1. Put a dot 7 Å past each Cα toward the Cβ at Ala141 and Leu81; how far apart are the dots in nm?
2. To the nearest 0.05, what FRET efficiency results for Arg95 and Ala127 with a Förster distance of 25 Å applied to their C-beta separation?
3. Probe 1.4 Å, all protein chains in place: accessible area of Asp182 in Å², nearest 10?
Amino acid sequence: MRPEHPGGPDAGNGETPRDHPGVPDAFERLWTPHRMVYVGGQDKPADDGAGACPFCRTPGRDDEDGLVVHRGESAYVVLNLYPYNPGHLLVCPYRHVADYTDLTAAERDELGVLTATAMTVVRAVSAPHGFNLGMNQGAVAGAGIAAHLHQHIVPRWAGDANFLPVVARTKALPQVLGETRDLLAREWATTGAPTSTADQATISEEK
C-alpha cells in the first residue's frame, strides 16, 4: 500500500511529482556515465603544471601510442581517451595555456582550421548526422584538464543517446581507439583539406 500524501494535486492517489520521469522537452542528452571513472580522478594530472599535463606529454609519444591523428604547426589533433562518442577528437595547442584569450592569433587560426578539417575527415570516415563542438574554460565549466585548453569535436548520430548508457552503464564503441585513430589518420592524409592558415592563403591565391 502506498503512503498517503496530505493535500496537493496528488492527494488521494499516493503519487507525487517525483514519481514521474518528467515532461519531454526539446533538449537532447548525451548520457556518458562511463566517464565517471575519469571525473572521479583516474588519470587526472597531479597538478596544473606542464610536467604533469597529458596534453603536453602526448606530442612526445609516437602517433599510434599517443592516439594522435594529425600534427599541425602550433596544435595537434588527438582522440579522446574517454570519448563521449566514437571518433571523439580533441584539438590541442602544443603550448600549455589554459585560456582561449592566451592563444596567439596564429594558434587561434590553426585551432579553427584543424576543427573544420576534423569535421571533414570524420564525415568521410563515419558519416555522422551532426557534431557537438565545445571548449570548456575552467573546472567550474566542466573542463577535465582545465590547465591546458582543448577543443572537443564530438560526432553525433540520431539515437546515439539510447538506453545502453542509462540502464546498463555501457557505451557502445564499435572500434578500439587504435583502429579509430588509424582510420582517421589515413583519411586526414588523403582528404586534401587545408591544415594551416598558410595552406588557406595559398588556396585563396590560386582561386
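The values are calculated or read from the model by the stated rules, or taken from the named source; none is laboratory data. In this text the structure is predicted, and so the values were computed from the model without any measurement. Note that each Cβ is placed from the backbone with ideal geometry, even for glycine, and that neighbours are counted across all protein chains shown. Only protein heavy atoms, including side chains, enter the accessible area calculation; ligands, DNA and RNA are left aside. Shrake-Rupley method; radii C 1.70, N 1.55, O 1.52, S 1.80 Å.
1. Output for this residue pair reads 2.3 nm.
2. Numbers: r = 34 Å, r/R0 = 1.35.
E between Arg95 and Ala127, to the nearest 0.05, is 0.15.
3. 50
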